[in-house]
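**Student:** Encoded as structure tokens, here's the structure I'll be asking about.
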Amino acid sequence: MMVDNSTSTKALLEIDKRIDELVKQIELLSYVNPINIEEEKERFFASKYLTDPVFKYPNINFDKFKLHRELFTQPLEQIEDIDIRNLYEDIIYAYSGLIQCIENIGNGKHFYFNSLHCFGTPTENDVENAKFILHFEDENKDLERFQPKYSAKDSEIFFKEFSKKYDFSYNIEFSDKISAIAMVLNNIKTLVLNTNHTYSENELAVLTNHEIGVHMVTTMNGLLHPLKIFSHGFPDNEETQEGLAVFSEYMSNNLTVTRLKELAYRVIAVDSLAKGYPFSRTFRLLHNNYDLDRESAFYITLRAHRGGGFTKDYLYLSGLKKIYDYYHSGKDLNLLLTGKVSLDYVDEIQSLIKKGFAVPSKHITDSYAENKNTDKKVDFILRSLK
């Protein structure tokens, strides 16, 4: 169905285009990762885990106030369709919240409270789910597939080979200034690999399915719609998007108990923010109380405490559970691959497709074609989460 040529439709497309121009500059992950991670890790370890790291962040290269003002002066009253107008109101508030997050990076509690507004914090149920997972034994880490073997540069070929399954191209860059071992930057269609990390076969299998199979797929699908909001993101899309990405690990038979425990540790780390713990205390909670090795404990603590308290990390586990249940109830995952969308807006997505403002997913996550998971323990854990 083609979009009509009415005055209201023209106004919608103009507003959507203007918001697109404004929010191209907002990629939170470009700003929230410290630029001195390795130096501060050495200093923290040398202090016997007592002196909190002092992180530095990239400079912000946009006019924050101007962005806020431009967002809130969009003439939404010209959009006659009430449902679409309400969606754009939600979107403007969400983007404004992200701008506030970015402008407060490194400002302690100011950033934390903005992060709380954007991403929320773990519920008691989330924390109980995390603790339940942590009761299970890891796989045997001496197995060949878990051995670190490949540098970031060596790993590039695995991503290129995996991507032959898909009809799109993207950039690969390398960085020693990210807290993840790999990530997709949506606004520049780029996969970033961490040069400080040595990858195992299992990690590469996980990351290809997670980063390319979902994050890059939804990046590319998001660019195909008349409306650009599919590309930049619906409100609260992070839980759904990360849930889809970890679910791709599960469907491709690469989700392990060890990986589930990593997601559980992230919940514990973010929960410690709500308790007011500083970096050092969160680290000691993971390293001493939960017996997590110090490298893993440092990076999980870093992910939670970067910026001043980044709460997003608990959403991986809750998102996985929601997508797992959604799939097992027989619902269509393809609708959630249309872009950076959220489960909360499934009805709106279907409506926008019917009205001609969106199109069905062109690129489909390869692992979703067939459930190849053979790990009964992983299935038991996912079924048992509340």
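**Student:** Report yes if Asn221 is under 25 Å from Leu333 (Cα atoms) and either under 17 Å from the mean Cα position of the chain (by Cα) or surrounded by fewer than 24 Cβ atoms within 10 Å (Cβ to Cβ) (or both), otherwise no.
**Tutor:** Against the criterion (under 25 Å from Leu333 (Cα atoms) and either under 17 Å from the mean Cα position of the chain (by Cα) or surrounded by fewer than 24 Cβ atoms within 10 Å (Cβ to Cβ) (or both)), Asn221 qualifies.
**Student:** In this structure, is Lys322 under 19 Å from the mean Cα position of the chain (by Cα) and surrounded by fewer than 19 Cβ atoms within 10 Å (Cβ to Cβ)?
**Tutor:** yes
**Student:** Oh, and also: If we scan the range 67-78, do we find a residue that is surrounded by fewer than 17 Cβ atoms within 10 Å (Cβ to Cβ), modelled with pLDDT of 95 or more, more than 30 Å from Asp347 (Cβ to Cβ) and not polar (S, T, N, Q)?
**Tutor:** yes
**Student:** Using the structure shown, decide if Tyr250 is of a type in the set (Ser, Thr, Tyr), under 19 Å from Ala297 (Cβ atoms), in a helix (DSSP H, G or I) and under 17 Å from the mean Cα position of the chain (by Cα). Lay out the reasoning, then the answer.
**Tutor:** Numbers: of a type in the set (Ser, Thr, Tyr): yes; under 19 Å from Ala297 (Cβ atoms): no; in a helix (DSSP H, G or I): yes; under 17 Å from the mean Cα position of the chain (by Cα): yes.
So Tyr250 does not fit the description; no.
**Student:** Another question, then. With the condition kept exactly as written, say whether any residue in the range 288-299 is surrounded by 24 or more Cβ atoms within 10 Å (Cβ to Cβ), more than 20 Å from Glu211 (Cα to Cα) and in contact with a helix residue (DSSP H, G or I) (Cβ under 8 Å, 6 or more places away or on another chain).
**Tutor:** No, that holds for no residue.
**Student:** If you don't mind, there's one more thing I want to ask. Since Ala274 meets every condition but one in (1) buried (at least 22 other Cβ atoms within 10 Å of the Cβ); (2) at pLDDT below 95, which condition does it not meet?
**Tutor:** Just one mismatch for Ala274, condition (1).
**Student:** Listed residues Leu302, Leu255, Leu292, Leu263; which is within 19 Å of the chain's Cα centre (by Cα), among the aliphatic types (A, V, I, L, M) and part of a loop (DSSP other than H, G, I, E, B)?
**Tutor:** Working: Leu302 fails: part of a loop (DSSP other than H, G, I, E, B); Leu292 fails: within 19 Å of the chain's Cα centre (by Cα); Leu263 fails: part of a loop (DSSP other than H, G, I, E, B).
Among Leu302, Leu255, Leu292, Leu263, only Leu255 is within 19 Å of the chain's Cα centre (by Cα), among the aliphatic types (A, V, I, L, M) and part of a loop (DSSP other than H, G, I, E, B).
**Student:** Just to be sure I understand, how many residues within the range 44-66 are assigned to a helix (DSSP H, G or I) and either of a type outside the set (A, V, I, L, M, F, W, C) or modelled with pLDDT of 95 or more (or both)?
**Tutor:** Going through the range 44-66 one residue at a time, the tally reaches 5.
The values are calculated or read from the model by the stated rules, or taken from the named source; none is laboratory data. From a predicted model like this one, the values you see are computed outputs, not experimental measurements. Backbone-built Cβ (ideal geometry, glycine too); neighbour counts: all protein chains shown.
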